[in-house]
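Data block below; observations after.
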Amino acid sequence: MQIVMAHGYFLKGTGSNLFVENSCRELCKMGHQVNLFCQENEPDKFDFIEKAFDFNDENSESWIVYQNETPYPGKCHLYRPNLNGFLPVYVYDEYEGYQVKTFTNCNKIEIETYLEYNRRAINTALINSQTDMVWTNHTIMQPVYVARSHLGQGQCHHVMTVHGSCLNFSVRNSALLQDYAREAIANADRIAFVSHFSKNEFLEFFDNDVCIKEKSIAIPGGVDLEKFMTLSDSSEKQPVIDSLVNDLKTAAQQLRSNPDRDEGLWKTDADIIAKLEIIDFNNEKIVLYYGKYLWTKGVQLIIAAAPLIMMNHHHVRFMLVGFGSSRSYFEAMIEALDQGDQVGFINLINHPETVDGDIDPHSTRFFTALIKKLGDPDFARAYFAEAKEKIGTAFVLTGFLNHNQLKSLIACADITVATSIFPEAFGLVAAEALSSGIIPVQTNHSGFSEVIKRYIDEFDDIFDRHKLRPLVLDDQLVLNLATNISVLLTYYQAMNSQERQQIRKRARKISVDNYSWESVVKNYIKL
């Protein structure tokens, strides 16, 4: 089949980017021809891209900027529409070479100009091409500009995949964006969601519109099973980390050869190699968070829970991998704990906006039970004594790592943590952890819940549910998070290497059976 994939953004870092990357690779493996429209500017980093094209300012002409042989029977051609430096997004991040603005802050002229650039690029690139299927991502704006292009006038089948950020950060908050969303919905033949939660949330927002219901289907996202592998034994940890360090050294050398390159927030910390080399992966307990450094992801909950975990387990290392605008807030929390600054720490919890003005003050409710316990002098003394002059080294922030690097840390972790306090369309981080043989600890809501149920049922014979707490979004969340991580670490401490390896094998089987990209893409092709 000749397939057009419209994404509009990049192919690394976040959930929808990885969704598009892996979907395109799988389509090429199956022998389909893919024309991909997005802003990815490093085509050489992706083994399925055969050619890449740029456009002039008017998007009326295109030319090849990259060409390479690929190992797959199907070929992908990447087209990068010229946006003249303006990139509207759902959640603010910095991107080299772009003026970035959230959709909710864009006016109609800016949006229409953005749509027109993309529409022209599609017409220029594909005016003489046959297309069998159009696969668009996000409710706005990819389905809109595709429908306005010549592709919208033809008979090709149009499938739209809904990802969570678009609705919750953009469409939900703007009448103008809701109009564009309705235009997208009207022009899509099928609407796919990455979880049943995402589907139900979308339908509820649009008043259970019968037209949307008839078009809708839930197809879970996938995980790269060949990339996210389990260790055969815990003794493999150090060699895996050594290989990661060598990869990071190579990346650092490449960066030094191109010192003017600016990746905005998407940066790996300059001292990451030194940070990794002081960690004893064989003997320390590794609790790993990876994702965005955003308050909506609940990283602040992990920081607040850490002293409680350290009371029960010494030699715990909390690794935070990612990028994002809330990093300064998280670092301020860690610093206050490390200094034993009780007043400063509680003030950061109660008034996060003093450091990060984007944080919703109502999110502090998840700390209520902890704050109450800190009113007990004995508890407070023990809590801050455990943190003082320890927690600063217990936490390691690495900055951004790509998935080829991240996979090593996941496989070498004891626990991964995903503590989002905002609705999530799908539990991708959980699927990646399970594929790597690691049981994740997650807040139990939205699209996360569907993955959680699978591994809770799988391991019911090993872990006593009565010792674990449901991580619902209530005032006990920090305390319950600390309890669950501590309980799992206690279980693992009592296991021998064979028992630990059985955990890895059973965890991976969950991903193999439910989240392979091959099955995901085949379901889309059938639509």
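The values are calculated or read from the model by the stated rules, or taken from the named source; none is laboratory data. All of these numbers come straight from a predicted model, not from anything done at the bench. Glycine gets a Cβ as well: all are built from the backbone with ideal geometry, and neighbour counts include every protein chain shown.
Before moving on, here are some points about what is shown:
- Screening SER198 against (1) among the hydroxyl-bearing types (Ser, Thr, Tyr); (2) closer than 27 Å to GLU424 by Cβ; (3) in the same structural domain as ILE452 (by TED's automatic domain parsing) leaves a single unmet condition, (3).
- Test: residue in segment 94-111 that is in contact with a Lys or Arg (Cβ under 6 Å, 6 or more places away or on another chain) and modelled with pLDDT of 95 or more: no
- Test for GLU69: is it over 25 Å from PRO143 (Cβ atoms) and acidic (Asp, Glu): yes
- For segment 198-241, the tally of residues that are assigned to a loop (DSSP other than H, G, I, E, B), among the small types (Gly, Ala, Ser) and surrounded by fewer than 17 Cβ atoms within 10 Å (Cβ to Cβ) stands at 1.
- Within segment 197-231, tally of residues that are in contact with a Pro (Cβ under 7 Å, 6 or more places away or on another chain) and aliphatic (A, V, I, L, M): 0
- Residues that are in a helix (DSSP H, G or I) and farther than 18 Å from LEU370 by Cα, drawn from segment 296-313: THR296, LYS297
- Test: residue in segment 512-524 that is modelled with pLDDT of 95 or more, surrounded by 17 or more Cβ atoms within 10 Å (Cβ to Cβ) and under 21 Å from LEU288 (Cα atoms): no
- Single match in VAL89, VAL159 (criterion: of a type in the set (A, V, I, L, M) and either out of contact with any Lys or Arg (no Cβ under 6 Å at 6 or more places or on another chain) or under 30 Å from TRP295 (Cβ atoms) (or both)): VAL89
- Tabulated pairs, segment 56-70, first closer than 13 Å to PRO81 by Cβ and hydroxyl-bearing (Ser, Thr, Tyr), second in a loop (DSSP other than H, G, I, E, B) and at pLDDT 95 or above, C-beta under 8 angstrom, 6+ apart or interchain: SER62/ASN56
- Any helices (runs of 4 or more DSSP H) falling wholly within segment 405-513 and containing at least 1 residues that are more than 24 Å from the chain's Cα centre (by Cα), within 22 Å of SER198 (Cβ to Cβ) and among the charged types (D, E, K, R): 448-458
- Counting only residues that are among the small types (Gly, Ala, Ser) and buried (at least 17 other Cβ atoms within 10 Å of the Cβ), segment 175-188 holds 3 of them.
- For segment 181-203, the set of residues classified as closer than 17 Å to ASN523 by Cα and not hydrophobic (A, V, I, L, M, F, W, C) consists of ASP189, ARG190, SER195, HIS196, LYS199, listed by residue number.
- Pair list, Cβ < 9 Å and 6+ apart or interchain, from segment 74-99 residues that are basic (Lys, Arg) to residues that are exposed (fewer than 15 other Cβ atoms within 10 Å of the Cβ): ARG80/VAL65
- ALA382 falls short on exactly one of the conditions (1) modelled with pLDDT of 95 or more; (2) surrounded by fewer than 17 Cβ atoms within 10 Å (Cβ to Cβ); (3) within 28 Å of VAL91 (Cα to Cα), and that condition is (3).
- Condition met for ARG119 (surrounded by 20 or more Cβ atoms within 10 Å (Cβ to Cβ), among the charged types (D, E, K, R) and out of contact with any strand residue (DSSP E or B) (no Cβ under 9 Å at 6 or more places or on another chain)): yes
- Residue check, PHE366 within 25 Å of ALA425 (Cβ to Cβ) and either assigned to a helix (DSSP H, G or I) or not assigned by TED's automatic domain parsing to the domain that holds VAL472 (or both): yes
- Test: residue in segment 412-424 that is among the acidic types (Asp, Glu) and either outside the structural domain of ALA251 (by TED's automatic domain parsing) or surrounded by 24 or more Cβ atoms within 10 Å (Cβ to Cβ) (or both): yes
- Residues in segment 65-92 that are under 24 Å from VAL146 (Cβ atoms), not in a strand (DSSP E or B) and not polar (S, T, N, Q): GLY74, LYS75, PRO81, LEU83, GLY85, TYR90, VAL91.
- ALA147 vs. criteria over 26 Å from the mean Cα position of the chain (by Cα), part of a helix (DSSP H, G or I) and under 22 Å from LYS215 (Cβ atoms): yes
- Positions within segment 1-53 being in a loop (DSSP other than H, G, I, E, B) and over 25 Å from SER198 (Cα atoms), in sequence order: MET1, MET30, GLY31, HIS32, GLN39, GLU40, ASN41, GLU42, PHE46, ASP47, PHE48
- Matching entry among PHE448, PHE459, PHE463, PHE426 (being in contact with a strand residue (DSSP E or B) (Cβ under 6 Å, 6 or more places away or on another chain) and touching a residue at least 12 places away in the same chain (Cβ under 8 Å)): PHE448
- Residue among LEU409, LEU320 that is crowded, with 20+ Cβ neighbours inside 10 Å, under 23 Å from LEU473 (Cβ atoms) and in contact (Cβ under 8 Å) with a residue 60 or more places away in the chain: LEU320
- One residue from GLY399, GLY375, GLY340 being on the phi > 0 side of the Ramachandran plot and over 32 Å from the mean Cα position of the chain (by Cα): GLY340
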